[in-house]
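A.B. asks: First the structure, then my questions, so here it is.
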Amino acid sequence: MPLLHAAWMFYSQHSALVINALGLFYALSGSWLLLATQIRSARSLSQLATSPAGVNQEPSPATLRINRMFNRVGGLCLGAGLLLSLISTQL
């Protein structure tokens with residue numbers, strides 16, 4: 001039996017399980033992205049704290065924009081995971 005045919009048979013028999021697994025994947029990737037962004041900003045602030053006092057003590061606007069975008073995408077992934085989990089309970 002071909003692999004895609006077996007996957008389709010499994011999906012058609014257990015659609016709620018597959019949708020819930022997809023929601024779990026989205027939630028895990030979103031939480032990883034939020035965690036990685038927090039670690040990235042903490043590392044950036046610690047590097048700024050150890051730099052000489054004459055240097056600008058704020059992150060660049062580009063860094064702040066990237067962190068804000070990563071936080072939004074991570075939040076959207078968590079929301080999509082929650083939505084898929086709620087949908088899978090209705091099937």
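What follows is calculated from the coordinates using simple rules that are stated; it is not laboratory data. Predicted model only: the values in this text are computed from it and were never measured. Cβ placement follows ideal geometry from the backbone for every residue including glycine, while neighbour counts extend to all protein chains displayed.
A.B. asks: Residue by residue through region 35-40, what is 3J(HN,Hα) from phi via Karplus (6.51 cos²θ - 1.76 cosθ + 1.60, θ = phi - 60°)? Round to whole Hz and write x for glycine and proline.
C.D. replies: Computed from phi, the couplings for region 35-40 are 5, 5, 5, 5, 5, 5 Hz.
A.B. asks: Continuing with the same structure: Hey, if you drop one equal point scatterer on each alpha-carbon of the chain and run the Debye formula without solvent, what base-10 log of I(q)/I(0) do you get at q = 0.12 Å⁻¹?
C.D. replies: -0.56
A.B. asks: Same structure again: Calculate, for ARG72 and SER44, the FRET efficiency according to 1/(1 + (r/R0)^6) with r their C-beta to C-beta distance and R0 25 Å; round to the nearest 0.05.
C.D. replies: The formula returns an efficiency of 0.85 here.
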